[in-house]
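Please read the structure below before turning to the comments.
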């Protein structure tokens, strides 16, 4: 099958974990992507900064996503200031004007997407992609919400996905207590976290 399209996968990745990787590989295969852009967030409008700094989060992502289909991008971090998805999408569209662009978000994010800054503009530029993963939210419920609030303004794909359930918050807590997280984090990323002494004072 001919590869098609580029998908944006953004997040704090603080730290990046096997759940992120499993989801990225699933979406890349399901959509026959040409490329997936892994984009660690700059300063989110909603979150205060936590453990790792921007360069450390970039480094961890590069260790976690070495495959050719992935490209770790510093586009949000370099832009500086508050990080809005519409700005990132616009920048990616300018970089790849002839490609179909997808935006991957979690199901919890999907259900609040109609409150995102300039969400209709985002939907005019990308095909939204989400999976039924967090909190047991069913695909049918997500589709109902998308039909009513999102699809009038653009495309939205919702896929069934057997998630690797783990959160970065949980991992930071475990790491702050010096507990073993090798079940959840790639070995190269774990070695980097140890070398940098990350998350010890959370």
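Condition first: in contact with a helix residue (DSSP H, G or I) (Cβ under 7 Å, 6 or more places away or on another chain) and farther than 23 Å from residue 29 by Cβ. Now tell me which residues in the stretch 109-134 satisfy that. Walk me through it before giving the result.
Our first condition is that a residue be in contact with a helix residue (DSSP H, G or I) (Cβ under 7 Å, 6 or more places away or on another chain); within the stretch 109-134, this holds for 110-111, 113-114, 116-119, 121-123, 125-126, 128-134.
Correct list: 111, 113, 114, 116, 117, 118, 119, 121, 122, 123, 125.
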Inset, instruction - Provide a single number: the residues in the stretch 152-197 that are more than 21 Å from the chain's Cα centre (by Cα) and surrounded by 13 or more Cβ atoms within 10 Å (Cβ to Cβ). - result: 5
Legend entry - Single unsatisfied condition, residue 102 versus (1) closer than 20 Å to residue 155 by Cα; (2) without any contact (Cβ under 8 Å) to a residue 60 or more places away in the chain: (2)
Legend entry - Meets criteria (buried (at least 16 other Cβ atoms within 10 Å of the Cβ), at negative phi and not in a loop (DSSP other than H, G, I, E, B)) for residue 23: yes
Inset, instruction - Could you please find all residues in the stretch 112-131 being closer than 16 Å to residue 152 by Cα, touching a residue at least 24 places away in the same chain (Cβ under 8 Å), surrounded by fewer than 19 Cβ atoms within 10 Å (Cβ to Cβ) and over 16 Å from the mean Cα position of the chain (by Cα)? - result: 114, 118, 120, 121, 124, 125
Legend entry - Of residues in the stretch 1-20 being touching a strand residue (DSSP E or B) at 6+ places or on another chain (Cβ under 9 Å) and in a loop (DSSP other than H, G, I, E, B), the one surrounded by the most Cβ atoms within 10 Å (Cβ to Cβ): 16
Inset, instruction - Answer yes or no: is there a residue in the stretch 27-43 that is part of a loop (DSSP other than H, G, I, E, B), out of contact with any helix residue (DSSP H, G or I) (no Cβ under 7 Å at 6 or more places or on another chain), modelled with pLDDT of 90 or more and on the phi > 0 side of the Ramachandran plot. - result: yes
Inset, instruction - Could you check the stretch 85-192 for helices (runs of 4 or more DSSP H) lying wholly inside it with 3 or more residues that are over 28 Å from residue 64 (Cα atoms)? - result: 119-125, 139-145
Legend entry - Unmet criterion (only one of (1) free of Cβ contacts under 8 Å to residues at least 12 places away in the same chain; (2) more than 23 Å from residue 75 (Cβ to Cβ); (3) out of contact with any strand residue (DSSP E or B) (no Cβ under 8 Å at 6 or more places or on another chain)) for residue 138: (3)
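The values are calculated or read from the model by the stated rules, or taken from the named source; none is laboratory data. Not measured: the values here are computed from a predicted model. Cβ coordinates were reconstructed from backbone atoms using ideal geometry, including for glycine residues, and neighbour counts include every protein chain displayed.
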